[in-house]
1. Let me know the shape class of the range 61-103, please: from the alpha-carbon gyration tensor, a ≥ b ≥ c as square roots of the eigenvalues, rounded when a/c is under 1.5, otherwise prolate if a/b is greater than b/c, or oblate.
2. Who wins for biggest fluctuation among Val175, Val22, Val76 in a Gaussian network model of the chain, springs between alpha carbons below 10 Å?
3. Using the count of nearby Cβ atoms within 10 Å as a rough guide to exposure, how do Ser88, Ser42 rank from fewest to most?
4. Given springs between every Cα pair under 10 Å in a Gaussian network model of the chain, which of Gly145, Gly111, Gly92 has the largest fluctuation?
5. GNM, the chain, Cα, under 10 Å: largest mean-square fluctuation among Asn73, Asn29, Asn96?
6. Take the Cα of Asp3, step 7 Å along the line toward its Cβ, and report every residue of the range 149-188 whose backbone nitrogen sits under 19 Å from that point.
7. For the pair Leu160 and Asp38, what calculated FRET efficiency results from E = 1/(1 + (r/R0)^6), where r is the Cβ-Cβ distance and R0 = 22 Å, to the nearest 0.05?
8. Dividing the convex hull volume of the alpha carbon atoms of the chain by its residue count, what do you get in Å³ per residue?
Amino acid sequence: MKDKQARWRALYVLCLGDLMIVLDTNIVNVALPSIQADLGFSQTALAWVVNAYMLTFGGFLLLSGRLGDLFGNKRVFLVGVVAFTSASIACGLAPNPLFLVVGRAVQGLGGAAVSAVALALIMGLFTDPAERAKAMGFFGFVVSGGGAVGVLAGGVLTGLLNWHWIFLVNVPIGVGVWLAAGRALPPTRSTTAASVSTYRVPGWSRSP
């Protein structure tokens, strides 16, 4: 029973981390007019606020999955959360268009790392087919609902506060996910560690 509860706690943390990424994909679109007016983006350059994120996110997904195999999915997940949260601070405090676009590109890198290994972590946590189906269904529901929530949240934050908060709101969420993931997620073994542990010098044996 305790193991089952621990697995679902870990799933909730993974869902929250991936929800943060999905929200950010949609929340920015609502605030684009405010960003353009405040930072002086041209109509052409404004598209890079979205494109910089999508290009690095899509381009880094496969590499993130491979890095999870090499160094451990938990480690890559935590690094991705740190990168995404740090970039969110940079975007929220951006003084000019270039700074914001670079911050969005780094956000894409962190988001790709989180998204790529989240599914692998879920597959490792839930080995029973029935329980895995429930976990994947819950994860899919959270991710699919994140798009609609992102549009709503973008409008609320931009209307009540300003566009800076669509990025700064990620900071407490990211810190909470990082702290919870460090405790809730089990350690994952990397292929590099496995290869080192199984390596033997020719002619050498542990037995006398």
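Each value in this text was obtained by applying a stated rule to the coordinates, not by laboratory testing. Remember, predicted model here, so these are calculated numbers, not experimental data. Glycine gets a Cβ as well: all are built from the backbone with ideal geometry, and neighbour counts include every protein chain shown.
1. Prolate.
2. With Cα springs under 10 Å in the chain, the top fluctuation among Val175, Val22, Val76 is at Val175.
3. On the way: Ser88 25, Ser42 9.
The order, fewest Cβ neighbours first, is Ser42, Ser88.
4. Gly145
5. With Cα springs under 10 Å in the chain, the top fluctuation among Asn73, Asn29, Asn96 is at Asn96.
6. 184-188
7. According to the calculation, E is roughly 0.85.
8. Numbers: hull volume 31.2 nm³, N = 208.
Value for the chain: 150 Å³ per residue.
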